[in-house]
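These notes are about the structure you will find just below.
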Amino acid sequence: MKKFVLPLLFGAVMVVVGHFAALYSAPNVIMTGAMTMLSERGVPLHAFSFAPRPTPQTQTVVRPSPDLAYSACLYDLDAAPRGLRVTMAASEGYSSLSFFDASTNNFVTIRGEGKEASVRLLPQSASAEAGDDIVLSPSAKGIILIRRLTPTQADYDAVAAIAADDQCGVI
Amino acid sequence: MLKRIAIYALTGIFGLGLGAYTALAMSGLLPGDRRAEAAIDLDGWMGDLTQGSADASPYLRARIARHGLLALAKSEAIYFIRATDDTGEVLSEDCTYRLAGGPMPAGWWSVTLYNADSFLPDNTDQALSFDASRAGDGAWSAIVSPVRPDDQSNWISSRNAGQFDLTLRLYMPDAETLNAPAQAITAPSVERVSCTKEPS
C-alpha cells in the first residue's frame with residue numbers, strides 16, 4: 001500500500017496542474033482560434049475590415065448583434081515595434097473603439113460620441129511614453145473592434161461609407 | 001524501475017486529464033452545458049458585471065471566451081442572458097412567447113435570440129432582435145415565435161433555433177445601474193403564450 005502513496009500524491013498534483021493549465025489557457029486558445037478564423041475570412045493584420053451585416057449566414061464570432069456594424073483589425077505588436085496608429089472615423093449615433101488582448105480582456109474602450117477617435121497602440125513595455133493618446137496592450141497580439149449602431153439596412157449602408165476611413169496601421 | 005516509471009506516467013496523464021476536465025466543466029465549456037447561474041439574477045436574466053474585464057474570474061473568462069467572445073467591459077455595455085420563460089421552462093422554438101418590458105437605464109439596448117451554440121439561428125427572417133430604436137419611450141412588447149405573427153406585433157424569429165436563449169444588451173449603462181443593477185433594471189418578462197409540443 002505504501003508504494004502507491006507517492007504515485008497517488010503525484011497524480012493529485014497533476015490534477016491541480018491540469019486544472020489550472022486548462023483554465024488559464026482556454027481563453028488564449030479560443031482567442032487564437034478566433035483570430036486565425038477571422039484571418040482566414042479576410043480580416044487583415046494591421047488594417048480594418050468592415051464586416052458584412054451580421055446575419056445567420058455571415059456571422060463569424062459567437063453572439064454577434066444584428067443591430068451593430070463591426071470593423072475588426074488584428075494586431076501583432078511583435079511585428080510593429082513602434083506600435084499602431086488606430087483611428088475610428090467620426091459617425092452619427094453610437095460608436096465605440098474597443099481593444100481586446102490575447103486573454104480576451106477588453107482592456108480599453110473609447111466611445112465615439114460623434115467625433116473621430118485616434119490613438120497609438122503600444123506594448124505594455126512602452127509605459128514610459130507620454131501622451132494622452134496612448135493605449136498600452138497587455139499582450140503582443142489582440143483584436144481591435146469598432147462597433148456602430150445600425151438597426152436598419154439604411155443605417156448599415158451609411159456606416160459602410162464612413163468605415164472606409166477607419167485606420168489601423170503600423171507606425 | 002520501469003514499472004515504477006509506468007505507474008507515475010499513468011497517474012500523471014490521468015491526473016492532467018482529470019484536472020483539465022474539471023476546469024472545463026466548472027467553466028461551462030463541456031458540450032451541451034447550458035448552465036444558468038451567474039452573479040446577478042434579474043428575474044431569470046443572468047449576468048455578471050465583471051464580464052469582459054480583467055476582474056472576471058478565470059472560470060467566467062473561459063466561459064465568456066466560448067459563449068461571448070469580444071464582450072465589452074461594463075463601462076460600455078452589460079449583458080444578461082435568459083434561457084427560461086417566466087415559469088422556468090427552457091425556451092424552445094416549439095413555443096410562442098410574449099416578451100414585454102419598459103424603458104431601460106441605458107443609452108441603447110437590445111434583445112437578441114441565439115441558439116444553443118451561441119450563434120444566430122439559421123433562418124432568413126431578418127427578425128432576430130428587438131432594440132430601443134423600435135421600442136419607443138414607454139412599455140413595449142414583442143412576440144418570440146417561429147412564424148411571423150398575423151398582426152403587426154414586433155417579432156423575434158425563433159425559426160430553426162431549437163432550444164435558445166435571449167441576450168439583453170444594455171449599452172452605455174448609467175452609474176446607478178452599475179452600482180445596483182437589480183434595483184435599476186426592470187427586467188423584461190417572458191410569458192409563454194402557446195406551444196405546439198409540451199415544453200421539455
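Observations, loosely collected:
- Residue among B:S157, B:S92, B:S118 with the largest mean-square fluctuation in a Gaussian network model of chain B, springs linking Cα atoms under 10 Å: B:S118
- Measuring nothing but how far apart in sequence close Cα pairs (under 8 Å, 6+ apart) lie, relative to its length, chain B scores a relative contact order of 26 percent.
- Low-density loop cleavage sites - trypsin sites (Lys or Arg not before Pro) in region B:1-109, where at most 15 other Cβ are within 10 Å (DSSP): B:R34, B:R35
- Antiparallel %, DSSP beta bridges [both residues in chain B], to 5: 90 percent
- Straight-line cross-link partners of B:K3 among the lysines, defined as a Cα under 20 Å from its Cα and at least 8 positions apart when in the same chain: A:K2, A:K3.
- Think of each Lys and Arg Cβ as +1 and each Asp and Glu Cβ as -1; about the Cα centre, that makes the dipole of the protein assembly as shown roughly 1740 debye.
- Where both bridge residues fall in the protein assembly as shown, DSSP classifies roughly 90% of the beta bridges as antiparallel.
- Descending semi-axes in whole angstrom, ellipsoid equivalent of the protein assembly as shown, from the Cα gyration tensor: 36, 31, 18
- As a fraction of the 1.4 Å probe accessible area of region A:49-170, surface on carbon and sulfur atoms comes out at 49 percent.
- Among B:A65, B:T112, B:G162 the positive-end extreme of the charge dipole of region B:13-166 (Cβ point charges): B:A65
- Rounded to the nearest Hz, the phi-derived 3J(HN,Hα) couplings of region B:157-163 under the Karplus curve 6.51 cos²θ - 1.76 cosθ + 1.60 (θ = phi - 60°) are 7, 10, 4, 6, 8, x, 7, where x marks glycine and proline.
- Take the accessible area of A alone and of B alone, subtract that of the pair with a 1.4 Å probe, and the total buried over both chains is about 4200 Å².
- Per-residue ³J(HN,Hα) for region A:87-98, Karplus 6.51 cos²θ - 1.76 cosθ + 1.60, θ = phi - 60°, Hz, x for Gly and Pro: 10, 9, 5, 5, 8, 6, x, 5, 8, 8, 10, 10
- For region B:157-200, the solvent-accessible area of protein heavy atoms averages 49 Å² per residue (probe radius 1.4 Å; ligands and nucleic acids excluded).
- Using a Gaussian network model of chain A in which every pair of alpha carbons under 10 angstrom is joined by a spring, one finds that among A:T32, A:T152, A:T87 the greatest mean-square fluctuation is at A:T152.
- Straight-line cross-link partners of A:K115 among the lysines, defined as a Cα under 29 Å from its Cα and at least 8 positions apart when in the same chain: A:K141, B:K74.
- When the Cα positions of B:S141, B:A39, B:P103 are compared along the charge dipole of region B:36-195, B:A39 comes out farthest toward the positive end, with charges on each C-beta of Lys, Arg, Asp and Glu.
- Cα-centred dipole magnitude for region B:1-45, charges only on beta-carbon of K, R (+1) and D, E (-1), debye, nearest 20: 520 debye
- Note on chain B: percent of Cα-Cα distances in each 5 Å bin, starting at 0 and stopping at the bin with the largest distance, equals 1, 7, 14, 17, 18, 14, 10, 6, 3, 3, 2, 2, 1, 1, 0, 0.
- Residues B:S27, A:S139 ordered from highest to lowest accessible area at a 1.4 Å probe: A:S139, B:S27.
- Calculated mean residue ellipticity, 222 nm, the protein assembly as shown: -8500 deg cm²/dmol, from DSSP H runs (n ≥ 4) at -39500 (n - 2.57) each, averaged per residue and rounded to 500.
- When the convex hull of its Cα atoms is projected in every direction, mean area for region A:40-171 (nm²): 7.8 nm²
- Qualifying trypsin sites (Lys or Arg not before Pro) for region A:1-74 [loop in DSSP, other Cβ within 10 Å: at most 15]: A:R41
- 3J(HN,Hα) couplings calculated from phi for region A:45-53 with the Karplus curve 6.51 cos²θ - 1.76 cosθ + 1.60 (θ = phi - 60°) are, in sequence order, 7, 6, 6, 7, 10, 7, 7, x, 4 Hz; Gly and Pro show x.
- Think of the protein assembly as shown as a dipole: +1 on every Lys or Arg Cβ, -1 on every Asp or Glu Cβ, centred on the Cα centre; then among A:A51, B:I185, A:G169, A:G169 lies furthest on the positive end.
The values are calculated or read from the model by the stated rules, or taken from the named source; none is laboratory data. Owing to the predicted nature of the structure, the values given are computational and were not obtained by experimental measurement. Here Cβ is always computed from backbone atoms with ideal geometry, including for glycine, and neighbour counts include all displayed protein chains. When the accessible area is computed, the model is the full protein with side chains, heavy atoms only, and any ligands, DNA or RNA have been set aside. Shrake-Rupley method; radii C 1.70, N 1.55, O 1.52, S 1.80 Å.
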